[in-house]
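Visitor: I have a structure I would like to understand better, so I am pasting it below and will then ask my questions one at a time.
The values are calculated or read from the model by the stated rules, or taken from the named source; none is laboratory data. Since the model is a prediction, treat every value here as computed from it, not as a measurement. Glycine gets a Cβ as well: all are built from the backbone with ideal geometry, and neighbour counts include every protein chain shown.
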Amino acid sequence: MAIERGSNVLSQAVLTANGLGVMRGDRTLFTGVRVSVCARELVLLRGQNGAGKTTLLRLLAGLSTAESGKVTRTAPHHWIGHRKGLKPHETPATHLQHWANAWGVEPDMVHTALEAVSLLRAADVPTGHLSQGQQHRTALARLLLQDRPLWLLDEPFAAMDDSGVAMIKSRIEQHCASGGAVIAAVHGDYGLTPSQEITL
């Protein structure tokens, strides 16, 4: 595991994790992993398929438990997983409206989020008929419904065309610039400038 930390970061961590370890059967997936992310920081998780990036993100999101270590979050977070959490029969509009209702968000935020991810024309198309890129845009639009300081993203650039990549990169940069923090598992170089990189 390699960690590089930028020097110009705020001291208040929104998430810390120490000594995280996970077993898969009789195999150690990873051990002794430490993560600390503060406001305005972008942390990129890297590693080969099967190295444990998704597992680590799920631990950080509180969706699973490790054999060892502890995770502490001091701020609300959004989790966008690789599986997207979409139902084939629901449309982008109904998917976002469900979450807007659950979170007590103003209804007009659904339109704003759909517009921000360029999905207004496909807003009423069942997600089972959308492209992988459009499905991914639908899931990522949840980030924009409610302001939460910490974003945990699993392969946010997957299945995206050039315009989608540019949109996500811009959103991540804007979120960090406005005081948010992002931890994202990625493959490849998307022109991001992380404050930290963790390689599993």
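Results for (1) out of contact with any helix residue (DSSP H, G or I) (no Cβ under 8 Å at 6 or more places or on another chain); (2) surrounded by fewer than 18 Cβ atoms within 10 Å (Cβ to Cβ); (3) on the phi > 0 side of the Ramachandran plot; (4) not in a strand (DSSP E or B), shown as yes or no for each residue.
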{"residue": "17", "(1), (2), (3), (4)": "no, no, no, no"}
{"residue": "23", "(1), (2), (3), (4)": "yes, yes, no, no"}
{"residue": "29", "(1), (2), (3), (4)": "no, no, no, no"}
{"residue": "37", "(1), (2), (3), (4)": "yes, no, no, no"}
{"residue": "40", "(1), (2), (3), (4)": "no, no, yes, yes"}
{"residue": "48", "(1), (2), (3), (4)": "yes, yes, no, yes"}
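Visitor: Scan the range 170-183 and give yes if some residue there is over 19 Å from residue 41 (Cα atoms), out of contact with any Leu (no Cβ under 8 Å at 6 or more places or on another chain) and not β-branched (Val, Ile, Thr), otherwise no. Full working, then the answer.
Guide: At the first step, the residues of the range 170-183 found to be over 19 Å from residue 41 (Cα atoms) are none.
Among the residues of the range 170-183, not one is over 19 Å from residue 41 (Cα atoms), out of contact with any Leu (no Cβ under 8 Å at 6 or more places or on another chain) and not β-branched (Val, Ile, Thr), which makes the answer no.
Visitor: Can we say residue 184 is of a type in the set (A, V, I, L, M, F, W, C) and on the phi > 0 side of the Ramachandran plot?
Guide: Values: of a type in the set (A, V, I, L, M, F, W, C): yes; on the phi > 0 side of the Ramachandran plot: no.
No.
Visitor: Of (1) at pLDDT below 90; (2) buried (at least 22 other Cβ atoms within 10 Å of the Cβ), residue 139 satisfies all except one. Which?
Guide: Condition not satisfied by residue 139: (1).
Visitor: Among the residues of the range 122-168, how many are under 17 Å from the mean Cα position of the chain (by Cα), in a loop (DSSP other than H, G, I, E, B) and among the charged types (D, E, K, R)?
Guide: So the answer is 3.
Visitor: Here are some residues: 196, 174. Which one is free of Cβ contacts under 8 Å to residues at least 12 places away in the same chain and either small (Gly, Ala, Ser) or within 24 Å of residue 36 (Cβ to Cβ) (or both)? It would help to see each step written out before you state the result.
Guide: Numbers: 196 fails: free of Cβ contacts under 8 Å to residues at least 12 places away in the same chain.
When all the criteria are applied, what remains is 174.
Visitor: A further question on this structure: Under 21 Å from the mean Cα position of the chain (by Cα), surrounded by fewer than 19 Cβ atoms within 10 Å (Cβ to Cβ) and small (Gly, Ala, Ser) - does that describe any residue in the range 65-74? Walk me through how you get there before you give the answer.
Guide: Within the range 65-74, the subset under 21 Å from the mean Cα position of the chain (by Cα) is 65-66, 70-74.
Checking which are surrounded by fewer than 19 Cβ atoms within 10 Å (Cβ to Cβ) leaves us with 65, 70-74.
With small (Gly, Ala, Ser) added as a condition, the list becomes none.
For the range 65-74, residues under 21 Å from the mean Cα position of the chain (by Cα), surrounded by fewer than 19 Cβ atoms within 10 Å (Cβ to Cβ) and small (Gly, Ala, Ser): absent.
Residue by residue, here is whether (1) at pLDDT 90 or above; (2) farther than 24 Å from residue 178 by Cβ holds:
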site: 1; (1), (2): no, yes
site: 5; (1), (2): no, no
site: 12; (1), (2): no, no
site: 21; (1), (2): yes, yes
site: 33; (1), (2): yes, yes
site: 47; (1), (2): no, yes
site: 70; (1), (2): yes, yes
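Visitor: Identify the residue in the range 82-104 that is in a loop (DSSP other than H, G, I, E, B), out of contact with any Pro (no Cβ under 8 Å at 6 or more places or on another chain) and surrounded by fewer than 17 Cβ atoms within 10 Å (Cβ to Cβ) and, among all such residues, is modelled with the highest pLDDT. So that I can check it myself, show each step before the final result.
Guide: Taking the range 82-104 and keeping what is in a loop (DSSP other than H, G, I, E, B), we get 82-91, 104.
Now restrict to residues that are out of contact with any Pro (no Cβ under 8 Å at 6 or more places or on another chain): 82-87, 104.
When the remaining residues are screened for being surrounded by fewer than 17 Cβ atoms within 10 Å (Cβ to Cβ), the result is 82-83, 85, 87, 104.
Working: 82: 81, 83: 79, 85: 85, 87: 90, 104: 95.
Ranking the candidates gives 104 first.
Visitor: Exactly one condition in (1) surrounded by 19 or more Cβ atoms within 10 Å (Cβ to Cβ); (2) over 23 Å from residue 33 (Cβ atoms) is false for residue 181; which is it?
Guide: That leaves (2) as the condition not met.
Visitor: State all residues of the range 33-53 that are under 17 Å from residue 150 (Cβ atoms) and polar (S, T, N, Q); if no residue qualifies, say none.
Guide: 36
Visitor: Assess whether residue 74 counts as being among the β-branched types (Val, Ile, Thr) and within 23 Å of residue 172 (Cα to Cα). Break it down into steps so the answer makes sense when it comes.
Guide: Numbers: among the β-branched types (Val, Ile, Thr): yes; within 23 Å of residue 172 (Cα to Cα): yes.
Answer is yes for this residue.
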